[in-house]
1. Given the criteria at pLDDT below 85 and either over 22 Å from GLU150 (Cα atoms) or in a strand (DSSP E or B) (or both), does ARG32 qualify?
2. Mind checking which residues of the stretch 329-363 are over 29 Å from GLN257 (Cβ atoms), in a helix (DSSP H, G or I) and not hydrophobic (A, V, I, L, M, F, W, C)?
3. Which one is surrounded by the most Cβ atoms within 10 Å (Cβ to Cβ), of the residues in the stretch 315-338 that are of a type in the set (Phe, Trp, Tyr) and touching a residue at least 24 places away in the same chain (Cβ under 8 Å)?
4. Going residue by residue through the stretch 321-332, is there one that turns out to be in contact with a Lys or Arg (Cβ under 8 Å, 6 or more places away or on another chain), assigned by TED's automatic domain parsing to the domain that holds SER357, of a type outside the set (Ser, Thr, Tyr) and at pLDDT below 85?
5. Provide a single number: the residues in the stretch 232-251 that are part of a helix (DSSP H, G or I) and farther than 15 Å from ARG209 by Cβ.
6. Please go through the stretch 87-126 and give me each residue that is in a loop (DSSP other than H, G, I, E, B) and surrounded by 16 or more Cβ atoms within 10 Å (Cβ to Cβ), ordered by number.
7. Quick one: count up the residues across the stretch 205-231 that are in a loop (DSSP other than H, G, I, E, B) and in contact (Cβ under 8 Å) with a residue 24 or more places away in the chain.
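The values are calculated or read from the model by the stated rules, or taken from the named source; none is laboratory data. Worth saying up front: this structure is predicted, and the values here are computed from it rather than measured. Please note: Cβ atoms are built from the backbone with ideal geometry, for glycine as well, and neighbour counts cover all protein chains shown.
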Amino acid sequence: MHLKNLSALIKRICHGTFSHCELLEFVNLSQRIALSYLKYQEVTGKNISLDKRGAYNDLEDVAMDCIATLFMRDSNNQFTQLRKYFADVMNNPVELDNSELLIKLRGLVIKKTKQELSRIFRERDPEGAKILRNVRVALKSATDLDSFKEMGREFIYSAILATSSKYDPDIILTKTNFIPPENSNAQLKEIMNRNLRRHLPAIPERILRQQFLIHYSPKDPVSILIRKMLWIVARHSEFQNYVALDVVVNMIRLMNQEMFHERMVSDVESESPLDNLRHKEIDQAVNESIEFITQKIKKQYVHKNKIDQKKARIYLNTINDLITDLASGKNTDSNFNYLIRYLPDLTQRRYREEERSIFEYLVKLAKGALIKKLETLL
C-alpha cells in the first residue's frame, strides 16, 4: 500500500498539478484503505455486502462509493476536502515521511468510510436507523445505562447492577436515578467483571422475545424498553445479564411491527362506510398528484430532451409507489430503494451522479402536491 513519494503526490493533487495517472494512483490507494476497513467490519459481523433485497454488492464498489465525496471538486476544479485536510502538507517545503502521511490518509479515509456506511445503512433500513439513534440517545441521557465493546460488538448493561454489592435484578427497574461511583476505570472494570456474567452464553433471542412481549408497552420510552430487556436477562442465571446493541434494536423493531400489525387488523375489522369514503378520497388525491407530476415531467423534462420516455415512465412508477405508501400510512423507504425496484443495476454512485438531482426534485413536488390535497380532506 506504500507509494514511493506520497508527500509529493499529495502536494500535486492538492495544488492541481497532477497527471491523470497520478490521480488514479491516489484514488486506488484510498479505495484500498477503505476496502481493508470494510473487510474488517465484515469479519466482525457487520453485513455490508448484502443490500436490503438480499443481493450481493461488490465490496470494491462499496469502498469507492464511500470515498467518492472526498474527490468532489469546487467551481475552481479543486479538491476542497483534500486541500483542507492536507493544508499542512501543501504548505510544508519539506517532504514528509511516507509512513506518517499514510497514517494521516488512513485516518481521513476511514472517517469518511464510517460516515458513508452510516448513510448506506440508513438508506437500507431507515426504521432500524431511527431506533438505533433513539437507543444511543437513551444511553447518553440515562446514567443507569451504559455499554462496552467486545469482539466487534457493542453490549448494553445496567450500571446499577454492575456496581451493586447486592445482586438484585429488580434494582434495574426501581432505581434509575443513579450516580456513577467515583472509581478509576480499572476499579470499575473489576466490579463489572464480578457482577456481569461475561463467561455465560447470550440469552436466545426467541426466549427474550417471548418474555419481552409480555412486558412491552408501546407507550414506554426507549430507556424503559432497554431496562425491561436487561431485567429479563438478569433474572436468567444461566445467561449473560447484558444485551447486544443490535439485539436491542431488533427487539424494539419486532415489537413495533407486532403493534402495527394488530392496529392494521383492528382498523380493517372496524371500517365504516365513512372510512371507505375516506379511502376513495385519498386514492383520488394520489391520482391527482400523479397526474400533476406526469404533466411536469412531460413539459419540463421530456419535451426539453432532458430525459427520455423510458426514464420518465420509471420515475412516474417509482413516485406512484412512494406516495401511495405515504398516503396509506406505511413506513416509507429511501428514495434510492424505491428507484432501485425499477433500476435493479443502479449503484449508490450512479444514483448520486445521474439520478438524484431530477428524481428527488420530482419526489419533493409529488409529496407537496399530495400533502396539499390531503389537507383539504382533514
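1. Considered against the rule, which asks whether it is at pLDDT below 85 and either over 22 Å from GLU150 (Cα atoms) or in a strand (DSSP E or B) (or both), ARG32 comes out as no.
2. ARG349, ARG350, ARG352, GLU353, GLU354, GLU355, ARG356, SER357, TYR361
3. TYR315
4. Yes, that holds for at least one residue.
5. 2
6. LEU96, ASP125
7. Summing the residues that are in a loop (DSSP other than H, G, I, E, B) and in contact (Cβ under 8 Å) with a residue 24 or more places away in the chain in the stretch 205-231 gives 3.
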